[in-house]
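Take a look at the structure set out below.
The values are calculated or read from the model by the stated rules, or taken from the named source; none is laboratory data. Given the structure is predicted, the values throughout are model-derived calculations rather than measurements. With ideal geometry, Cβ positions are generated from the backbone for all residues, glycine too; neighbour counts draw on all protein chains shown.
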Amino acid sequence: MKFFFIILLGLTAILLVAELFDKVDEFYAKRPPTYLVFEYLLLQCPRFLLFASPASSLLSILLVIGIAGKWREIVAIQASGGNIKRLFSYFLVVGVIVSLLALILGETLAPIATREAVRIRNVKILQKPLRITHREEALWIKGLDGSLIRIKDFVAEDDTALKVSIFSFNPSFELIKRIEAESAKWIDGRWELKDASVFDFNHKTVARHKSITSEAIDEPRIFKDEMRKPHEMSFFELYAYHKRLEQAGFKNPRYIVELYGKLAYPMVNFVMVLFGVALALQSRLGGGMRAAGLGLLVSLFYWLIYSVSISMGNIGDLPPWFAPWVGPLLFGIAGGYLYFRIKG
């Protein structure tokens, strides 16, 4: 655990430095107070801890067994009649615990902190006005004509808003008109409202239209900028969002990949511990540097497989629900095979 936390904090620090350099142009242009930059980076820590945990699990177990092998501790255990496989099975229990903690972190603190970091960057650092408010599972926005607009969901890939309500008021803030539309699509620089009902309270009339245009809603870019991204949502939030889009007839494999990835990624910690134990005991690592080098190579190879499988899931070449599990499954099978070949 000492090695695990040292490596975890080290990798997280590297990710924070990379994030700082990635955003340095924005920070230099806006010259925000230093405490805001630190607050933004601090709020990114839970997400980066989650990213770094699998590599930390693998590197720490390889280092421990590599150092033990260097000092002939494993030989001493075997010479005294100890069972190597049984001894290192306790490390697998630790791997399960780390995976569960990563799952909890990814479902609680990480999405909340990431949303707050995005808010601080957009509103306080970049000084962009907050134009969209998330309330009661809906998006609320002030219209270009002063109206109040409620949108159930927004499909970024199709530039389509679902279940649109536009409330127009007079200077005394009395409701004078209400428009209810099943959807609104951005076409040729304007919004086309489909299956719309217009309630005119001044004239006490109701008019229904197959399609009408509206200039009250701002262009789609603001939704793409301010809508919550998958990494800003927990599993259940993303599941509810995906289901709403699916019921409206919009199916996007990327959301399914992201959804199951939230379950698959934390489990990689256990897979890496299993694979690391089996690989280290089979290869008889000679020391810390060799173990670290092997761990980096394995991590890069895993990330390559993970990236390819996710890309294939996004374009439909793999079942979207299966794509995030390809890496853990392959490494789990390989690790299990090597583990059961270990001679006690």
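List of remarks:
- Listed by first and then second residue, the pairs linking a residue in segment 258-281 that is under 20 Å from Ala334 (Cβ atoms) to a residue that is outside any helix (DSSP H, G or I) and not polar (S, T, N, Q), with Cβ atoms under 8 Å apart and 6 or more places separating them unless they lie on different chains, are Ala278/Arg341; Ala278/Ile342; Leu281/Ile342.
- Within segment 194-253, the set of residues being within 30 Å of Asn170 (Cα to Cα) and among the small types (Gly, Ala, Ser) comprises Ala196, Ser197, Ala207, Ser211, Ser214, Ala216.
- In the set (1) of a type in the set (A, V, I, L, M, F, W, C); (2) under 27 Å from Phe167 (Cα atoms); (3) surrounded by fewer than 15 Cβ atoms within 10 Å (Cβ to Cβ), the condition left unmet by Phe236 is number (2).
- Of the strands (runs of 3 or more DSSP E) lying entirely inside segment 89-203, the ones with 2 or more residues being among the basic types (Lys, Arg), free of Cβ contacts under 8 Å to residues at least 60 places away in the same chain and in contact with a Phe, Trp or Tyr (Cβ under 9 Å, 6 or more places away or on another chain) are found at 175-187.
- Selection of segment 303-313 for residues being over 17 Å from Leu263 (Cα atoms) and either surrounded by 19 or more Cβ atoms within 10 Å (Cβ to Cβ) or among the polar types (S, T, N, Q) (or both) yields only Ser311.
- Residue, nearest to Ile222 (Cα to Cα), within segment 123-140, restricted to residues that are in contact with a Leu (Cβ under 8 Å, 6 or more places away or on another chain), surrounded by 15 or more Cβ atoms within 10 Å (Cβ to Cβ) and at pLDDT 85 or above: Trp140
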